[in-house]
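K.L.:
Before we start, here is the structure in question, set down as structure tokens.
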Amino acid sequence: GQSLEQPSEVTAVEGAIVQINCTYQTSGFYGLSWYQQHDGGAPTFLSYNALDGLEETGRFSSFLSRSDSYGYLLLQELQMKDSASYFCAVNTDSNYQLIWGAGTKLIIKP
Amino acid sequence: SAVISQKPSRDICQRGTSLTIQCQVDSQVTMMFWYRQQPGQSLTLIATANQGSEATYESGFVIDKFPISRPNLTFSTLTVSNMSPEDSSIYLCSVEGGAGGRGEQFFGPGTRLTVL
């Protein structure tokens, strides 16, 4: 089968740095995406890694190691508005279908 | 980026009835996706809808229960047929595209369905 594993919940303090990990086992792999979803909202795209290494976009960075089937999302200078669920998702074939992880609820404390 | 609207935003329905959800995109797109998401849970892909061809359903979802139309490159509908309380969920449509390549999808705001 195909699976993605990520922690169910992570707690951090405002202004701190937090890392959300994702490991995957899929039949194919084209890339790893990260999405943010606030309560009651729709998922919004954060990043996509097709190659090994670190991608930085403002306060958010995403890392991929294809050999380890592993990636992470790094959030810096945490703000209260970053409280949300974060999903990793894998693109497993040549079309745009994604397989989704269960999501990580990020709780930020002042 | 694409802007997506969905109708209705929410509905409460009686068991045994059907509801059709509309998804409208502000630009032409090839692939549209329909998802189901229980509150606090992950997204489950129901089907992929390409214009001009039959929708492709994921395991556990069948056309008789979730018929999909894709009449043009900016519009799609998902019908939830013969509803039961187990169909209560949030239904989301999404489209591919954007600079994020294969990994980027744009989502509509969702339709919150409650079946009594």
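The values are calculated or read from the model by the stated rules, or taken from the named source; none is laboratory data. Because the structure is a prediction, the values reported are computed rather than measured. Every residue, glycine among them, receives a Cβ derived from its backbone with ideal geometry; neighbour counts consider all protein chains shown. The accessibility values were calculated without ligands, DNA or RNA, using every heavy atom of the protein model including side chains. Shrake-Rupley method; radii C 1.70, N 1.55, O 1.52, S 1.80 Å.
K.L.:
Read through the list (1) touching a helix residue (DSSP H, G or I) at 6+ places or on another chain (Cβ under 9 Å); (2) away from chain A (no Cβ under 14 Å), then give the number of the only condition that B:Ser69 fails.
P.N.:
B:Ser69 satisfies all of (1) touching a helix residue (DSSP H, G or I) at 6+ places or on another chain (Cβ under 9 Å); (2) away from chain A (no Cβ under 14 Å) except (1).
K.L.:
Need the failing condition index for A:Ala102 against (1) within 11 Å of chain B (Cβ to nearest Cβ); (2) modelled with pLDDT of 95 or more; (3) in a strand (DSSP E or B); (4) open to solvent by 60 Å² or more (accessible area, probe 1.4 Å), just the number.
P.N.:
A:Ala102 satisfies every listed condition except (3).
K.L.:
Same structure, new question: Against the condition more than 10 Å from chain A (Cβ to nearest Cβ) and either among the aromatic types (Phe, Trp, Tyr) or open to solvent by less than 20 Å² (accessible area, probe 1.4 Å) (or both), how does B:Tyr57 come out, does it pass? I'd like the intermediate steps shown before the answer.
P.N.:
Values: more than 10 Å from chain A (Cβ to nearest Cβ): yes; either among the aromatic types (Phe, Trp, Tyr) or open to solvent by less than 20 Å² (accessible area, probe 1.4 Å) (or both): yes.
Yes; evaluated as a whole, the condition is true for this residue.
K.L.:
Would you point out which residue out of B:Ser9, B:Ser18 is in contact (Cβ under 8 Å) with a residue 24 or more places away in the chain, open to solvent by 70 Å² or more (accessible area, probe 1.4 Å) and within 13 Å of the chain's Cα centre (by Cα)?
P.N.:
So the residue among B:Ser9, B:Ser18 that is in contact (Cβ under 8 Å) with a residue 24 or more places away in the chain, open to solvent by 70 Å² or more (accessible area, probe 1.4 Å) and within 13 Å of the chain's Cα centre (by Cα) is B:Ser9.
K.L.:
Between a first residue in the range A:46-74 that is free of Cβ contacts under 8 Å to residues at least 40 places away in the same chain and a second residue that is in a loop (DSSP other than H, G, I, E, B) and among the aliphatic types (A, V, I, L, M), which pairs have beta carbons less than 8 Å apart while being 6 or more apart in sequence or on different chains?
P.N.:
What qualifies is A:Leu64/A:Ala50; A:Leu64/A:Leu51; A:Arg66/A:Leu51.
K.L.:
Given (1) open to solvent by 60 Å² or more (accessible area, probe 1.4 Å); (2) within 11 Å of chain A (Cβ to nearest Cβ), where does B:Leu116 come up short, assuming only one miss?
P.N.:
Result: B:Leu116 fails condition (2) only.
K.L.:
Oh, and also: Kindly indicate whether B:Gln28 is open to solvent by 70 Å² or more (accessible area, probe 1.4 Å), more than 14 Å from every other protein chain (Cβ to nearest Cβ), of a type in the set (S, T, N, Q) and in contact with a Leu (Cβ under 8 Å, 6 or more places away or on another chain).
P.N.:
On the way: open to solvent by 70 Å² or more (accessible area, probe 1.4 Å): yes; more than 14 Å from every other protein chain (Cβ to nearest Cβ): yes; of a type in the set (S, T, N, Q): yes; in contact with a Leu (Cβ under 8 Å, 6 or more places away or on another chain): yes.
So B:Gln28 fits the description; yes.
K.L.:
Hey, could you check the range B:3-34 for residues that are assigned to a strand (DSSP E or B) and polar (S, T, N, Q) and say which is nearest to B:Asn82 (Cα to Cα)?
P.N.:
B:Thr20
K.L.:
Is there a residue being under 14 Å from the mean Cα position of the chain (by Cα), at pLDDT 95 or above and more than 23 Å from B:Ser42 (Cα to Cα) anywhere in the range A:47-54?
P.N.:
Yes - at least one qualifying residue is present in the range A:47-54.
K.L.:
Of the residues in the range A:66-99, how many are open to solvent by less than 10 Å² (accessible area, probe 1.4 Å), more than 14 Å from every other protein chain (Cβ to nearest Cβ) and not charged (D, E, K, R)?
P.N.:
Going through the range A:66-99 one residue at a time, the tally reaches 2.
K.L.:
So which residues in the range A:26-38 are open to solvent by 30 Å² or more (accessible area, probe 1.4 Å) and modelled with pLDDT under 95, if there are any at all?
P.N.:
A:Thr26, A:Ser27, A:Phe29, A:Tyr30
K.L.:
Next question. Take the residues in the range B:56-110 that are touching a Lys or Arg at 6+ places or on another chain (Cβ under 7 Å) and without any contact (Cβ under 8 Å) to a residue 60 or more places away in the chain; name whichever of them is nearest to B:Met31 (Cα to Cα).
P.N.:
B:Ser76
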